[in-house]
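The numbers here are math on the coordinates, done by the rules we state, and not lab data. Please read all numbers here as calculations on a predicted model, not as lab measurements. Cβ placement follows ideal geometry from the backbone for every residue including glycine, while neighbour counts extend to all protein chains displayed.
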Amino acid sequence: MTDEAELRARVKALEALLVERGLIGTDTVDRIVEVYESEIGPLLGARVVAHAWTNPDFKQRLLADATAACWELDIGGLQGEKLVAVENTPEVHNVVVCTLCSCYPWPVLGIPPNWYKSPEYRARMVAEPRVVLAEDFGVVLGEDVEIRVQDSSAEMRYFTVPQRPAGTEDWDEERLAGIVTRESMVGVAVL
Amino acid sequence: MDGPHDLGGVPGFGPVRFSPDDPLFGADWERKVFGLTMAASTIGLFNRDENRHARERMSPEAYRSSGYFEQWLVALETNLTELGVLDADVLRDRVSDPGEIRGKPRPELFELFQDTLEFGASLDRTVAAPPLFEVGSRVRAVSVVRPGHTRLPAYVRGHVGVVRRVDPAFVLPDTNAHHDGENPEHTYSVGFSALDLWGKGDHEVRVDVWESYLEEPGEGS
């Protein structure tokens, strides 16, 4: 590991030179990051999932063309220009990974968490998903459940529509959105 | 290219350290690296593919011993100096004594970023030729990739799979990363059986590939 002080100096030098060349402003970096810290995150994806749970026609459109369906809710854009929603059912469980880097559906889930970017997750999820889901995420799937691992190696960005938990039949969309976690939309949790 | 980034199925890794409450950034410099990369890409200093390629060119030792945002930092330094945006000597001197950052805000750049954020920067393109393969086609992932950047994971090379979905045509990363043109191609989601890939397992791995990464499966397969 490189020394933290050195890393700080290297980053500051880059920002200083880009600002002093006039290529970026003193405000640019912080304002961009703030967008991802406060505006774009898994709450958006949770809205999409809750809407799909309560609106079968929307769910059908979402599974057929997630990009267009998410735009109906004004959700889309950078690093999610083409979205794919895959549905988890009692028969089929999807889980998303990017083995080559860290591709992730930013407009619905924000920027990826550390575990998703980790070499352990990237190496092992494609080879032994049943083990990783059970041992590292506590998701034990029946042997009859088919697992599909989606490796986001090109330009489509995936998220999963988890199964709606039993006992939530009377809940409204907002309350449902409150229980949809980031992990359930990557496929490493069931609700 | 074959590189340290191509991790699918690589043995030897232990448990995933899963923590649902991890902060997005572990330190302020990581936050800055993310913002700098997004800013540099917004103003077009480099494209996504060359940014990825700069990380992949790290030595295996350096790649594995660096955290995620340190890899991003190396890519920034590599691209900005190789593309002539910053002089390597000037950068080195500044690292040894960063001093204060002198300049002014540029709100119009943030507005430009917001436009990119909203409308995206899609690399989908129209190509005249119809797709070579259709849903259900059996296809083989090529065994040999060209030198330089590619998005065909090593673990599927030479293996036969089935086309599960035909996707839009996108700019080919293999040439775009090297400024050799966009050369858009149709892309596909191809399903491979775990048993075939790994000799064990009952799952399917779906990998997204550009058309030139695929060939007819050939006799006897």
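A simple count of charges around A:Leu23, restricted to other residues whose Cβ falls under 11 Å of its Cβ and scoring Lys, Arg +1 and Asp, Glu -1, yields 0. Roughly what % of Cα-Cα distances in chain B sit above 25 Å, to the whole percent? Beyond 25 Å sits 53 percent of the P(r) for chain B. Dividing the mean sequence gap of close Cα pairs (under 8 Å, 6+ apart) by how many residues chain B holds gives a relative contact order of 18 percent. Our note on the geometry: Cα centres of segment A:163-191 and segment A:43-107, 14 Å apart.
Sequentially through segment A:145-162, phi angles give Karplus couplings (6.51, -1.76, 1.60; θ = phi - 60°) of 7, 7, 9, 10, 9, 9, 8, 7, 9, 10, 10, 7, 10, 9, 9, 9, 9, x Hz, Gly and Pro residues having no value and appearing as x. Placing +1 on each Lys and Arg Cβ and -1 on each Asp and Glu Cβ, with no other charges, gives the protein assembly as shown a dipole about its Cα centre of roughly 400 debye. Direction-averaged projected area, Cα convex hull, the protein assembly as shown: 20.6 nm², rounded to one decimal. Take the alpha carbon atoms of segment A:119-143, find their center, do the same for segment B:49-123, and report the distance between the two centers in whole angstrom. Cα centroid to Cα centroid, the span is 33 Å. Please grab the % of Cα pairs in chain A that end up more than 31 Å from each other. Value for chain A: 26 percent of Cα pairs lie more than 31 Å apart.
Going from the fewest other Cβ atoms within 10 Å to the most, the residues B:Ser189, B:Ser66, A:Ser153 appear in the order B:Ser66, B:Ser189, A:Ser153. Using only side-chain charges placed at the Cβ, +1 for Lys and Arg and -1 for Asp and Glu, the dipole size of chain A relative to its Cα centre rounds to 400 debye. For segment B:28-119, the dipole from Cβ point charges (+1 on Lys and Arg, -1 on Asp and Glu) about the Cα centre works out to 100 debye, to the nearest 20.
Taking a Cβ cut-off of under 13 Å around B:Gly9, the surrounding Lys, Arg, Asp and Glu residues balance to a net charge of -1, with basic ones at +1 and acidic ones at -1.
Over segment A:76-191, Cα pairs under 8 Å with separation of 6+ residues give a relative contact order of 38 percent. Other residues whose C-beta falls under 11 angstrom from the C-beta of B:Arg31 contribute a net charge of -4, scoring Lys and Arg +1 and Asp and Glu -1.
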